[in-house]
1. From Ala38, Ala6, Ala34, grab the single residue that is surrounded by 12 or more Cβ atoms within 10 Å (Cβ to Cβ) and either touching a Ser or Thr at 6+ places or on another chain (Cβ under 7 Å) or aliphatic (A, V, I, L, M) (or both).
2. State which residue is farthest from the chain's Cα centre (by Cα) when the search covers only region 76-101 and only residues that are in contact (Cβ under 8 Å) with a residue 12 or more places away in the chain and more than 8 Å from the ligand (Cβ to nearest atom).
3. Being surrounded by 13 or more Cβ atoms within 10 Å (Cβ to Cβ), out of contact with any Asp or Glu (no Cβ under 8 Å at 6 or more places or on another chain), in contact (Cβ under 8 Å) with a residue 40 or more places away in the chain and under 16 Å from Gly151 (Cα atoms) narrows it down to one of Ala73, Ala29, Ala62, so name that one.
4. Does His115 meet the test of being touching a residue at least 24 places away in the same chain (Cβ under 8 Å), of a type outside the set (D, E, K, R), more than 10 Å from the ligand (Cβ to nearest atom) and exposed (fewer than 14 other Cβ atoms within 10 Å of the Cβ)?
5. Run down Leu31, Leu14 and say which single residue is of a type outside the set (Phe, Trp, Tyr), in contact with a helix residue (DSSP H, G or I) (Cβ under 7 Å, 6 or more places away or on another chain) and modelled with pLDDT of 95 or more.
Amino acid sequence: MAGTNAIATVALTLHTLSAVVWVGGMFFARLVLAPAAASLEPGPRLTLWSRVLGRFFPWVFAAIILLLLTGYALVFGFFGGFGGVGLHVHLMQGIGILMMLLFLHLYFAPWRRFHAAVAQQDWAASGRQLGQIRTIVTINLALGVIVVAIGSSGRYWG
Ligand code: HEM
């Protein structure tokens, strides 16, 4: 039992830290960096976003892998499978997978096109792609806040 508790402690710590990095990073990008960078000329602004997101997205991939590994380690290693978890874990899994699919679309469609357009200094095209990225990040930020509220409070729902 002590070993199981140790695994749960490590898994839950990594799980929560991954959520902090992903959701906190989206919060910073949308609510802090975006308004601060809005007054820059298109060239410097879109180049800045290309560098910022190019550094953030590898962390999002790492967070997703860790959320999945630690989430299922908790479900199967600690709760004895999905029969032993509360509604909050089912909701967390469902909304979490939706967030992951949205991120994969963002990365392989608008982000790829945005990166290529910035390399060609095509500011009109890169601005359009950044708009799509912004829309998906806004949706994922809202979903992420909901998942964190569900995941952290769910065990007390009764
Ligand atoms: C996609 C598959 C996921 C699975 C299978 C999963 C599973 C779990 C489990 C089993 C717990 C422990 C629940 C309890 O102790 O009652 C948990 C907690 C938590 N999860 Fe997830 N999770 C997933 C995705 C996510 C995502 C995407 C986020 C946020 C972006 C997230 C954030 C959290 C948070 C904040 C907690 C609470 C930590 C605490 O306060 O102790 N999870 N998760």
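1. Being surrounded by 12 or more Cβ atoms within 10 Å (Cβ to Cβ) and either touching a Ser or Thr at 6+ places or on another chain (Cβ under 7 Å) or aliphatic (A, V, I, L, M) (or both) holds for just one of Ala38, Ala6, Ala34, which is Ala34.
2. Checking each candidate, the answer is Gly77.
3. Just a single option satisfies the conditions, and that option is Ala73.
4. no
5. None of the others qualify; the one that does is Leu14.
The values are calculated or read from the model by the stated rules, or taken from the named source; none is laboratory data. In this text, all values refer to a predicted model and were calculated from it rather than measured experimentally. No Cβ is skipped: glycine too gets one built from the backbone with ideal geometry, and neighbour counts run over all protein chains shown.
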